[in-house]
Amino acid sequence: MEKATINIKNPKVKAYFDDITEDKTPAVKLSPEEYEKGVEQFDEGMRKIIAEADEMIFRAKLGDLPEALSFSYIAQKYFGKSRGWLMQKVNGNKVNGKIAGFTEDERRQFREALQDLSKKMATIATTL
């Protein structure tokens, strides 16, 4: 996982925030403007880390579900897409230089698809 200071462009400001995140007394002093810009860029870095952690948690929650269910069926029936498209999203593959992930709408749609399949399996299981 990247450091939160990855987005800080100014080396002096980056060194200051690297020291802060390592619980060290900063070796450099910053102007109020440098500090404010550094906070903005640090915040952006933290947001990226949080998004990456959220995707990792999502994939961990899926566990072995991709092997247990037909993701080809889910991709086609619920998204009108290919299995490859769905697996790129699930696995967080790099596509066109960006990490693939679900949008909030796609995540909701995926959740609803799993709930629908769960109901169908429960109904069938009770008849066996």
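The values are calculated or read from the model by the stated rules, or taken from the named source; none is laboratory data. Here the structure is a predicted model, which is why all the values come from computation and not from measurement. Note that each Cβ is placed from the backbone with ideal geometry, even for glycine, and that neighbours are counted across all protein chains shown. Just the protein is used for accessible areas: all its heavy atoms, side chains included, with ligands, DNA and RNA removed. Shrake-Rupley method; radii C 1.70, N 1.55, O 1.52, S 1.80 Å.
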Quiz prompt | Packing rank of 19-29, 102-112, 36-46, where each peptide gets the mean count of other beta carbons within 10 Å, highest leading | solution = 36-46, 102-112, 19-29
Practice problem: Hey, can you find the accessible area per residue of the chain for me, probe 1.4 Å, expressed in square angstrom? | Solution: 69 Å²
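Work out, step by step, the length gained on full extension between residue 65 and residue 15: first 0.36 nm times the residue separation, then minus their alpha carbon distance; give nm to one decimal.
Numbers: separation 50, 0.36 × 50 = 18.00 nm, distance 4.31 nm.
Contour length minus the Cα-Cα distance gives 13.7 nm.
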Exercise. At 7 Å along the Cα-to-beta-carbon direction for both residue 96 and residue 81, put a label point, then send me their distance in nm to one decimal.
Key: 1.2 nm
Quiz item: Using a 1.4 Å probe on the protein chains only, how many percent of the accessible area of the chain belongs to carbon and sulfur?
Solution: 54 percent
Quiz item: Please state the equivalent ellipsoid semi-axes for the chain: what are the square roots of 5 times the Cα gyration tensor eigenvalues, largest first, in whole Å?
Solution: 44, 14, 11
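Highest mean first, how do 72-78, 94-100 rank when packing is the count of other Cβ atoms within 10 Å averaged over residues? Please list the in-between numbers first.
Working: 72-78: 16.0, 94-100: 10.4.
Descending packing order for the listed peptides: 72-78, 94-100.
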Quiz item: Any idea what angle helix 32-62 forms with the longest principal axis of the chain, computed on alpha-carbon atoms, 0 to 90 degrees, nearest 10?
Solution: 20 degrees
Self-check item: the chain: angle of helix 11-21 to the longest principal axis, Cα-based, in degrees nearest 10
Solution: 70 degrees
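How much length is gained on full extension from residue 36 to residue 126, taking 0.36 nm per residue of separation minus their Cα-Cα distance? Spell out each step's value before the answer.
Working: separation 90, 0.36 × 90 = 32.40 nm, distance 6.09 nm.
The residue 36-residue 126 span can extend by a further 26.3 nm.
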Exercise. For the range 26-73, report the translational diffusion coefficient in µm²/s to the nearest whole number, using Stokes-Einstein at 4 °C, 1.567 mPa s, and a Kirkwood Rh over Cα pairs.
Key: 93 µm²/s
